[in-house]
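Worksheet: the structure to be examined is printed underneath.
The values are calculated or read from the model by the stated rules, or taken from the named source; none is laboratory data. Keep in mind that this is a model prediction, so the values were computed, not measured. Positions of Cβ are generated from backbone atoms using ideal geometry, with glycine treated the same way; all protein chains shown enter the neighbour counts.
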């Protein structure tokens with residue numbers, strides 16, 4: 001924080017003289033009427049001084065330089081790597097000790113050579129301006145002191161902040177009334193603050209270029225890629241000349257450079273005349289071409305200018321700030337805080353994870369691939385809720401150009417609708433681990449044998465808003481278009497059999513499954529229907545991921561619960577926010593808590609690993625590199641989307657979705673070549689699982705993550721087998737079956753009923 005110590009002085013005769021001369025000048029220029037109008041204000045100057053002394057607030061305006069709008073900076077999780085900057089005015093307030101001496105000398109030489117001598121109003125300057133403008137009828141001259149310019153800038157800035165166009169007009173209008181007001185306030189400024197403090201204020205508020213460039217620190221970075229304390233004579237003169245006409249003299253604009261060099265040389269001559277520099281320094285400086293001194297840096301702002309291909313993550317953080325009451329009562333307040341509050345925002349973004357996912361997304365399906373398919377990846381750090389990053393095979397672009405360029409988008413389909421994403425997706429069999437959690441939460445063994453027909457009365461799945469009837473829900477297994485019965489929940493997940501999942505739901509009820517989903521962190525992506533019990537979800541097809549409407553980030557977070565021994569957290573994108581005073585602001589909390597019994601999670605993890613390692617497992621193509629123990633589940637929703645979720649215990653949980661996220665019905669993911677590879681039938685194992693493996697393996701290698709081969713130890717009470725077969729409601733018992741859930745050996749019984757229309761197939 002830049003603090004401005006208070007300095008009290010008495011109102012000297014010089015100040016009174018300054019006011020008197022200003023008054024005389026105004027009277028001569030404006031006539032008798034103007035003289036009479038302003039006489040009370042001038043005569044009452046002492047009273048005004050007494051009134052504003054305690055707080056230096058005039059008409060609600062605070063002249064403290066530290067209250068100026070400042071840019072906010074967003075960082076990766078290391079707190080050092082800048083992702084993006086946000087500002088209404090590109091400014092970073094710095095104390096005078098962090099501004100070079102040549103810079104201070106240059107601006108005084110250019111703007112107010114008697115700055116160190118006058119008391120707020122330069123009497124000679126006012127008289128000179130009066131004679132030149134009104135008596136000689138020459139070019140209009142202002143005669144404003146540097147203090148007056150500071151006052152004018154503050155008044156205009158505060159009016160702009162308050163969305164007060166009338167106030168801004170009065171702060172800048174070319175009238176005698178405005179000049180007098182500035183003079184009065186300038187005298188009071190110098191009564192309250194030292195010269196150094198006023199100079200500090202001016203150097204931080206003045207406009208030093210087009211494109212909303214304010215303050216010497218921002219100018220030093222923009223023009224010379226340096227900081228204000230390192231500005232040399234040539235650089236300081238260049239910056240000092242810009243304020244007279246920022247759009248005309250901005251040296252970053254090529255057509256301005258010839259005139260900008262002339263103006264710079266004028267400043268250098270003024271510095272020589274005022275003995276700030278020597279003749280030798282002057283000669284060397286004026287003979288240096290301006291364009292040779294520039295080292296221009298980008299001044300783009302916001303997520304469009306996000307570095308390291310993190311635009312989508314940046315956009316997610318912005319939505320979190322705009323949606324979180326921690327940052328203000330209204331969305332407008334939060335936006336203002338972001339754009340003007342000078343915040344240091346440390347996010348949860350792990351650049352290594354982000355790079356791994358973005359690289360994998362674009363290598364798996366290039367943005368310009370003829371298939372037009374999209375891939376969306378999200379990752380979360382288990383046990384923390386920290387969102388590590390996203391991977392999308394699109395370039396973040398929030399301009400109109402994105403509407404006609406399929407390789408660009410500002411829609412982050414990895415997140416919920418409220419956070420700038422879509423309305424969610426059906427994810428197929430990647431849902432199924434939730435069913436096992438629900439099953440074990442009911443005290444059931446995953447090696448219990450179930451009769452698994454292909455038809456179920458929908459009345460068996462009644463739950464809250466969903467009421468079935470006498471109609472059948474017809475469900476089959478992918479590829480075989482039939483069933484394997486009896487089968488255990490264990491093998492049902494390993495093989496990803498839909499009929500077994502349906503049989504489980506018919507026994508424990510849909511509400512038990514919905515409750516389990518909520519416990520592990522599931523919610524829908526659609527605004528207003530976030531609860532799993534909403535109409536979009538409650539149908540028995542939920543058991544096989546056919547009615548979900550979920551974002552990849554939410555599913556990554558669900559898998560993070562599996563990876564953290566049942567500890568569930570709310571996803572967070574922000575680690576800390578610090579304001580310009582160094583104070584830590586409240587940020588949204590992860591609210592981590594033990595949501596699912598650890599024994600259930602360990603048994604589930606074992607089962608998921610078996611789905612990867614067994615030759616007949618459905619998730620074999622998700623296997624991670626270097627023989628790392630892998631926990632994953634693939635998914636396929638009809639011919640629309642293919643998915644895979646998985647994790648490394650305690651380190652990273654990742655979810656991948658592939659398909660046409662905008663028009664899957666008319667653009668199915670079948671009979672199509674993707675990145676040059678043709679498949680008549682695409683499923684989670686053919687593209688989503690390899691993408692999961694590539695992204696997570698790359699991240700693990702980059703981070704040198706330890707291997708936890710002890711994770712996923714099954715617990716006996718959830719693994720025992722009675723040898724009895726449990727019948728699904730409405731089906732016949734099949735007696736006993738010799739089955740070993742640990743080895744997967746079974747005697748399948750094929751369904752021989754006539755096949756009805758296959759309404760749901762996922763894997």
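Quick notes
- Screening the stretch 460-473 for residues that are under 19 Å from residue 513 (Cβ atoms) and modelled with pLDDT of 85 or more and picking the one that is surrounded by the most Cβ atoms within 10 Å (Cβ to Cβ) gives 461.
- The residue list 276, 313, 224 contains one member that is surrounded by 20 or more Cβ atoms within 10 Å (Cβ to Cβ), over 26 Å from residue 146 (Cβ atoms) and either touching a helix residue (DSSP H, G or I) at 6+ places or on another chain (Cβ under 7 Å) or outside the structural domain of residue 200 (by TED's automatic domain parsing) (or both), which is 313.
- Considering only residues in the stretch 522-568 that are surrounded by fewer than 24 Cβ atoms within 10 Å (Cβ to Cβ) and on the phi > 0 side of the Ramachandran plot, the one that is nearest to the chain's Cα centre (by Cα) turns out to be 528.
- Within the stretch 682-721, the set of residues being surrounded by 24 or more Cβ atoms within 10 Å (Cβ to Cβ) and at pLDDT 95 or above comprises 687, 688, 689, 691, 692, 693, 695, 696, 699, 718.
- Residue check, residue 496 on the phi > 0 side of the Ramachandran plot, at pLDDT 90 or above and either surrounded by fewer than 19 Cβ atoms within 10 Å (Cβ to Cβ) or not in a helix (DSSP H, G or I) (or both): yes
Residues checked against (1) at pLDDT 95 or above; (2) more than 20 Å from residue 463 (Cβ to Cβ); (3) assigned by TED's automatic domain parsing to the domain that holds residue 463:
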residue	(1), (2), (3)
513	yes, no, yes
518	yes, no, yes
535	no, no, yes
541	no, no, yes
553	yes, yes, yes
562	yes, yes, yes
598	yes, yes, yes
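- Among residues of the stretch 463-478, those that are within 43 Å of the chain's Cα centre (by Cα), part of a loop (DSSP other than H, G, I, E, B) and either farther than 21 Å from residue 450 by Cα or not assigned by TED's automatic domain parsing to the domain that holds residue 543 (or both), counted: 4
- In this structure, residue 240 does not satisfy being over 37 Å from the mean Cα position of the chain (by Cα), in the same structural domain as residue 217 (by TED's automatic domain parsing) and surrounded by 14 or more Cβ atoms within 10 Å (Cβ to Cβ).
- Verdict on residue 513 being touching a residue at least 24 places away in the same chain (Cβ under 8 Å) and surrounded by 24 or more Cβ atoms within 10 Å (Cβ to Cβ): yes
- Residues satisfying the stated conditions in the stretch 176-207, i.e. outside any helix (DSSP H, G or I) and either crowded, with 24+ Cβ neighbours inside 10 Å or at pLDDT 90 or above (or both): 193, 206, 207
- Filtering the stretch 600-607 for residues that are surrounded by 24 or more Cβ atoms within 10 Å (Cβ to Cβ) and assigned to a loop (DSSP other than H, G, I, E, B) leaves an empty set.
- Boolean, residue 377 is surrounded by fewer than 23 Cβ atoms within 10 Å (Cβ to Cβ) and on the phi < 0 side of the Ramachandran plot: no
- Of all residues in the stretch 367-382, exactly one satisfies the criterion of being under 21 Å from the mean Cα position of the chain (by Cα) and farther than 19 Å from residue 310 by Cα, namely 382.
- Residue in the stretch 242-255 that is farther than 21 Å from residue 122 by Cβ and at pLDDT below 90 present: yes
- Selection count, the stretch 397-408, where residues are in contact with a strand residue (DSSP E or B) (Cβ under 7 Å, 6 or more places away or on another chain) and closer than 19 Å to residue 373 by Cα: 4
- Selection status of residue 194, touching a residue at least 60 places away in the same chain (Cβ under 8 Å) and within 26 Å of residue 145 (Cβ to Cβ): yes
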